[in-house]
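The values are calculated or read from the model by the stated rules, or taken from the named source; none is laboratory data. Everything numeric in this text was worked out from a predicted model, so none of it was measured. Heads up, the Cβs are rebuilt from the backbone with ideal geometry, glycines too, and the neighbour counts pull from every protein chain shown. Note: accessible area is taken over every heavy atom of the protein model, side chains too, but ligands, DNA and RNA are not part of it. Shrake-Rupley method; radii C 1.70, N 1.55, O 1.52, S 1.80 Å.
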Amino acid sequence: MLLTKFKEGVLEVLFPKVCTVCGLKLSTNENFVCNPCLNEKFEEACRTGKQTSGDILLPEGIHLQHALWNFDKGGHLQELLHQLKYNRLIGVGEDVGRQLGKSLLGNPLFVNKIKNKKALLLPVPLHKKKRRMRGYNQAFHIAKGVAEVTNLHIIKQETVIRTKNTSTQTGFTLEKRRKNIAGAFQVQKPEAIKDAVCIVVDDVFTTGATTFELASKLKEAGCREIMIATVAQA
């Protein structure tokens, strides 16, 4: 026991944990991103009523689209989300997920929608081939952080699956995105979400093509209300 603590102490001196964003040493209560970066580094998304910036028209059945920060193409946030998505830094997902959870609890519309209702978190599913290749679903780890703060449960993975292994949508027009994602999701256990408030969790909200397609399947399966919560708004 003492030897283990000694080794941990030596490693901490030789290889101190540093913030993934700014590179400064992390304190004992910080995980992958330091608190100053989480609270001050990124631009908060502008929120008005049901929508964030951009006057996005939400399809019927979606009652809230909430983003934590504005996406900064080529900036620190894009790099942070890239590290989460492709370099296995899943702890980053939980850090930003906790921050997203705090932001959601500060939104009166969100709080009102989940009050005294069956409310569940649904990370946008990955196709099994992509999940096997990557080893994890980044949206799940964001949802884990949200769950820790909000005390909401995450829907079991087999409840809603991705049946279509879509290609990346970067650079696609809205119409091409819609065609690419059409029919990509299937609700296997509708009884698990019937009459529930489902909060769809993802990393970035761009045009809404993916989350809107997923939401349509949830609505067909009997979901009471649907909300979308993302770390960034592009």
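Taking every protein chain into account, the accessible area of the range 125-234 amounts to 47 square angstrom per residue (probe 1.4 Å).
Listed cross-link partners 113/194; 73/129; 102/128; 117/194 are compared with a 19 Å cut-off, the Cα-Cα value being larger for 73/129; 102/128. Using C-alpha pairs below 8 Å separated by at least 6 residues, the relative contact order for the chain is 22 percent. Between the Cα long axis of helix 2-14 and the first principal axis of the chain there is an angle of about 80°, rounded to the nearest 10.
The charge dipole of the range 54-152, taken about the Cα centre with unit charges on the Cβ atoms of Lys, Arg (+1) and Asp, Glu (-1), comes to about 600 debye, rounded to the nearest 20. Hydrodynamic estimate: the Kirkwood radius of the range 106-234 over Cα pairs, inserted into Stokes-Einstein at 4 °C and 1.567 mPa s, corresponds to D of 86 µm²/s. Taking each residue as 0.36 nm, the span from residue 102 to residue 194 lengthens on full extension beyond its C-alpha to C-alpha distance by 30.5 nm. Solvent-accessible area assigned to carbon and sulfur over the chain amounts to 53 percent, based on a 1.4 Å probe. Note on residue 224: accessible area approximately 130 square angstrom, rounded to 10, probe 1.4 Å, nucleic acids and ligands left out. For the chain, dividing the convex hull volume of the Cα atoms by the residue count gives 145 Å³ per residue.
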